[in-house]
Amino acid sequence: MKIQSLIQQSFEAKKFSYSPYSKFAVGAALLCQDGTVVTGCNVENAAYAPAICAERCAYTKAISMGQKEFKAIAISSNLDDFIAPCGVCRQTMVEFSEDIDVYMTKPDGTYKMMKITELLPHSFRPSRLLQ
Ligand code: THU
């Protein structure tokens, strides 16, 4: 899978963003170990708290499809800067892999890649702690 294709799919997913409150559309494309790509977008709510980020939308879809191993995720927004995942999304990412590549893009398609362990050092993962 070429990373530009994954990024393009996150751009496509952004079009479905439901963000009438923040007007901040976000798309995500999650690459599974078997090559499947699962996309997501942010879904907001009048009560605010039920809102979900694009990354966790993609993860929730992927898990519900039986996927549990992930290689990379691309995130896109209309912000004229690299879009970084929030802390809740970082914790969701590290739950399933400490080795996932996170591609934070700009609208022009340029990106910055960081490992989840760089974005969330010393993460809380009881399964690892109990090993
Ligand atoms: N949001 C994402 O969907 N992904 C991020 O990486 C950062 C923030 C959205 C934007 C807005 O909808 C807010 O989070 C609501 O949770």
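Key figures
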quantity: Subset of region 96-112 (residues that are of a type outside the set (Gly, Ala, Ser) and either exposed (fewer than 14 other Cβ atoms within 10 Å of the Cβ) or under 15 Å from Ser77 (Cα atoms) (or both)); calculated: Asp99, Val102, Tyr103, Met104, Thr105, Lys106, Pro107, Asp108, Thr110, Tyr111, Lys112
quantity: Test: Ile7 is surrounded by 14 or more Cβ atoms within 10 Å (Cβ to Cβ), touching a Gly at 6+ places or on another chain (Cβ under 7 Å) and of a type in the set (Val, Ile, Thr); calculated: yes
quantity: Residue list for region 83-95, filter: buried (at least 17 other Cβ atoms within 10 Å of the Cβ) and without any contact (Cβ under 8 Å) to a residue 40 or more places away in the chain; calculated: Pro85, Cys89, Arg90, Thr92, Met93, Val94
quantity: Scope region 17-37; condition in contact (Cβ under 8 Å) with a residue 24 or more places away in the chain and within 15 Å of the ligand (Cβ to nearest atom); matching residues; calculated: Ser17, Tyr18, Ser19, Pro20, Tyr21, Phe24, Ala25, Val26, Gly27, Ala28, Ala29, Leu30
quantity: Matching residues, region 109-128, being in contact with a strand residue (DSSP E or B) (Cβ under 7 Å, 6 or more places away or on another chain) and outside any strand (DSSP E or B); calculated: Ile116, Leu119
quantity: Subset of region 113-131 (residues that are modelled with pLDDT of 85 or more and exposed (fewer than 10 other Cβ atoms within 10 Å of the Cβ)); calculated: Glu118, Pro121, His122
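The values are calculated or read from the model by the stated rules, or taken from the named source; none is laboratory data. Bear in mind the structure is a predicted one, so any value in this text is a computation, not a measurement. Cβ coordinates were reconstructed from backbone atoms using ideal geometry, including for glycine residues, and neighbour counts include every protein chain displayed.
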